[in-house]
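The values are calculated or read from the model by the stated rules, or taken from the named source; none is laboratory data. Worth saying up front: this structure is predicted, and the values here are computed from it rather than measured. For neighbour counting, all protein chains shown are included, and Cβ atoms are generated from backbone atoms with ideal geometry for every residue, glycine included.
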Amino acid sequence: MTAWRAQGPVVAVVAAGGALGACARHGASLLWPTAAGGFPWTTLCVNAGGCALMGMLMVVITEFGPAHPLVRPFLGTGVLGGFTTFSAYAVDVRDLLTGDRVAAALAYLALTPATALVAVATAAWLTRRVRAWRPA
């Protein structure tokens, strides 16, 4: 029972952050809906943006100084985990395939993870450069 109590705050912040991230993702889909049979640009951009924010977050909380122990579960697992939507990515690929848009499906299948990796690496690199930058 003691281990469960210790994990209670973590579960609570992940749930709260996940709700916020999922609401933000839904808001993005309302602001920029994908037309029936269209290329899922919104999902691609949400996933790339979320990965960029994750790259920044990890540098800030691991290299800028100590962070509260609940920051990473709340922002990383919760907010950004709820915001990014790799399950929708899989559904989008299936929808493109069933709509006989094989080339678009294959492009999207490759573009999403490539974009996500570039986004996280670039954001982490830029965050480190900003921290190291000293005005003359």
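So which of GLY65, GLY38, GLY50 is surrounded by 18 or more Cβ atoms within 10 Å (Cβ to Cβ) and either free of Cβ contacts under 8 Å to residues at least 60 places away in the same chain or assigned to a helix (DSSP H, G or I) (or both)? Full working, then the answer.
Working: GLY65 fails: surrounded by 18 or more Cβ atoms within 10 Å (Cβ to Cβ); GLY38 fails: surrounded by 18 or more Cβ atoms within 10 Å (Cβ to Cβ).
After applying the criteria, what remains is GLY50.
So LEU57 clears everything in (1) in contact (Cβ under 8 Å) with a residue 24 or more places away in the chain; (2) buried (at least 17 other Cβ atoms within 10 Å of the Cβ); (3) out of contact with any Ser or Thr (no Cβ under 7 Å at 6 or more places or on another chain) except one condition, right? Which one?
The single condition LEU57 does not satisfy is (1).
Here is a list: ALA123, ALA119, ALA114, ALA104. Which entry is out of contact with any helix residue (DSSP H, G or I) (no Cβ under 8 Å at 6 or more places or on another chain) and of a type in the set (A, V, I, L, M)? Spell out the reasoning first.
Working: ALA123 fails: out of contact with any helix residue (DSSP H, G or I) (no Cβ under 8 Å at 6 or more places or on another chain); ALA119 fails: out of contact with any helix residue (DSSP H, G or I) (no Cβ under 8 Å at 6 or more places or on another chain); ALA104 fails: out of contact with any helix residue (DSSP H, G or I) (no Cβ under 8 Å at 6 or more places or on another chain).
ALA114 is the lone residue from the list that is out of contact with any helix residue (DSSP H, G or I) (no Cβ under 8 Å at 6 or more places or on another chain) and of a type in the set (A, V, I, L, M).
Of these, PRO69, PRO73, which one is closer than 29 Å to GLY8 by Cβ, modelled with pLDDT under 95 and not acidic (Asp, Glu)? Walk me through it before giving the result.
Numbers: PRO73 fails: modelled with pLDDT under 95.
The conditions single out PRO69.
Assigned to a helix (DSSP H, G or I) and closer than 29 Å to ARG129 by Cβ, is that true of VAL14?
Values: assigned to a helix (DSSP H, G or I): yes; closer than 29 Å to ARG129 by Cβ: no.
No; evaluated as a whole, the condition is false for this residue.
For the range 18-53, which residues satisfy the criterion of being farther than 21 Å from LEU109 by Cα and touching a helix residue (DSSP H, G or I) at 6+ places or on another chain (Cβ under 9 Å)? Spell out the reasoning first.
Start the filter on the range 18-53 by keeping residues that are farther than 21 Å from LEU109 by Cα, which leaves 18-24, 26-27, 30-31, 53.
Scanning the range 18-53 gives GLY18, ALA19, LEU20, GLY21, ALA22, CYS23, ALA24, LEU31, LEU53.
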